[in-house]
């Protein structure tokens, strides 16, 4: 059985720096073989903002039914590795990524209010999260304010701090700049390979090998 | 001179905790003689920033929607602007973030096209406020919103020091803003004081 990877390219700019970084990571994962990768660009699906109605605290589902959240949530729960890539806009996630994070409220309600399992017991504590970001500014603190939001995103889907990996590249602004970065591609590909090997161990899967 | 005060609510709830806190701030501002206006993002038709960077060259956003009059007229013409949001997932709502992301077009005038500069006097006479509520009580609950709010106000040449945050945490514990011992009164006083301060410096 292949490792299931679910990836979100949240940037409104298709094939820009954050999505390039994501593609490098996914490329590294693919090299390990027997990996099923599904990537969605938020630009092409519709995830509306959370209404803050708290209905999910009682219903265990979101009352917004006419956008793409429902099947996205199912995929999040089924995935072994969840990846989110976002550009930094105004010191935060882009609004599109923030909408996705906010709509995870239904998982927060499930986990902390209704006290129901988010994933089946045999998969608890095994899943991995990855957050990738790029920023145009060269400030070393440019990612600091968004990290707590990223943690919320993963915590509610039962992925703990120790199981979240981060790769964040600053000082890349124009489209294509990430590809010229001295280490980004290598680091992203290596992270991808490492994570697949890690999740295989966690899931007790025999290494079938993609590179023999 | 009339002090113009603009409040912008980024809460999806109409007349919930955040909007009530904003309303208190605006009521205080009005009592001090300010000319008050409120925009509620959830009632507007808008799109999020497309990241196209066209504004870096033209200074104009390629999207024409309800955010444009706010960004090009109402915020720049105001003396006091209060951005209001509840904290969702340790930051502002995606609605308010959409608005702030779209202000990239104003940032571009200052930082890319360099057609706009703000003097020290301009910054001193334009005040930015953040009005926030949070269900939880964590000591750092509003901290991660502040850099985002700062980025917004920098683009418009508004000063936004630490004491221009009006925040109420623990809404879950208090059972809402009306259960909070001081938040609504504090917001009223802050709105009043903000207008009085600008009147004095005239």
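The values are calculated or read from the model by the stated rules, or taken from the named source; none is laboratory data. In this text the structure is predicted, and so the values were computed from the model without any measurement. Here the Cβ positions follow ideal geometry from the backbone for every residue, glycine too, while neighbour counts run over all protein chains shown.
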- Message: Given the criteria without any contact (Cβ under 8 Å) to a residue 40 or more places away in the chain, touching a strand residue (DSSP E or B) at 6+ places or on another chain (Cβ under 9 Å), closer than 17 Å to residue A:192 by Cα and buried (at least 17 other Cβ atoms within 10 Å of the Cβ), does residue A:37 qualify?
- Response: yes
- Answer residue from region A:50-88, given it is in contact with a helix residue (DSSP H, G or I) (Cβ under 6 Å, 6 or more places away or on another chain) and within 12 Å of chain B (Cβ to nearest Cβ) and is surrounded by the most Cβ atoms within 10 Å (Cβ to Cβ) among those: A:86
- Given the conditions (1) under 17 Å from the mean Cα position of the chain (by Cα); (2) under 24 Å from residue A:70 (Cα atoms), report the number of the one that residue A:112 does not fulfil. (1)
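Let's see how each residue does on (1) on the phi < 0 side of the Ramachandran plot; (2) in contact (Cβ under 8 Å) with a residue 12 or more places away in the chain; (3) touching a helix residue (DSSP H, G or I) at 6+ places or on another chain (Cβ under 9 Å):
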{"position": "A:116", "(1), (2), (3)": "yes, yes, yes"}
{"position": "A:154", "(1), (2), (3)": "yes, yes, yes"}
{"position": "A:161", "(1), (2), (3)": "yes, no, yes"}
{"position": "A:171", "(1), (2), (3)": "no, yes, yes"}
{"position": "A:179", "(1), (2), (3)": "yes, yes, yes"}
{"position": "A:185", "(1), (2), (3)": "yes, yes, yes"}
{"position": "A:201", "(1), (2), (3)": "yes, no, no"}
- Item | Residues located in region A:153-169, provided they are surrounded by fewer than 18 Cβ atoms within 10 Å (Cβ to Cβ) and either farther than 19 Å from residue A:87 by Cα or within 14 Å of another protein chain (Cβ to nearest Cβ) (or both) | A:160, A:161, A:162
- If residue A:103 satisfies every condition in (1) closer than 25 Å to residue A:162 by Cα; (2) in contact (Cβ under 8 Å) with a residue 60 or more places away in the chain but one, which is the exception? (2)
- Could you name every one of the helices (runs of 4 or more DSSP H) located completely within region B:90-200 that has at least 2 residues being without any contact (Cβ under 8 Å) to a residue 24 or more places away in the chain and within 13 Å of chain A (Cβ to nearest Cβ)? B:146-156
- Message: Which numbered condition in (1) in contact (Cβ under 8 Å) with a residue 60 or more places away in the chain; (2) part of a loop (DSSP other than H, G, I, E, B) is the only one that residue A:47 fails?
- Response: (1)
- Task: Scan region B:153-190 for residues that are more than 14 Å from residue B:22 (Cα to Cα) and in contact with a strand residue (DSSP E or B) (Cβ under 7 Å, 6 or more places away or on another chain) and report the count.
- Result: 6
- Task: Can you confirm whether region B:116-129 contains a residue that is modelled with pLDDT of 95 or more and within 30 Å of residue A:41 (Cβ to Cβ)?
- Result: no
- Query: Restricted to region A:93-124, and to residues that are crowded, with 24+ Cβ neighbours inside 10 Å and either away from chain B (no Cβ under 14 Å) or touching a strand residue (DSSP E or B) at 6+ places or on another chain (Cβ under 6 Å) (or both), which residue is farthest from residue A:172 (Cα to Cα)?
  - Reply: A:102
- Query: Can you pull out the residues in region B:1-44 that are under 18 Å from residue B:152 (Cβ atoms), free of Cβ contacts under 8 Å to residues at least 40 places away in the same chain and within 14 Å of another protein chain (Cβ to nearest Cβ)?
  - Reply: B:40, B:44
- Subset tally (residues that are away from chain A (no Cβ under 14 Å) and in a loop (DSSP other than H, G, I, E, B)) for region B:50-60: 2
- Give the residue, chosen from A:188, A:133, A:180, that is at pLDDT 95 or above and within 14 Å of chain B (Cβ to nearest Cβ). A:133
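Results for (1) in a helix (DSSP H, G or I); (2) at pLDDT 95 or above, shown as yes or no for each residue.
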position	(1), (2)
B:1	no, no
B:11	no, yes
B:21	yes, yes
B:25	yes, yes
B:30	yes, yes
B:42	yes, yes
B:45	no, yes
B:48	no, yes
B:63	no, yes
- Among residues of region A:179-192 being closer than 29 Å to residue B:108 by Cβ and over 19 Å from the mean Cα position of the chain (by Cα), the residue surrounded by the fewest Cβ atoms within 10 Å (Cβ to Cβ) is A:182
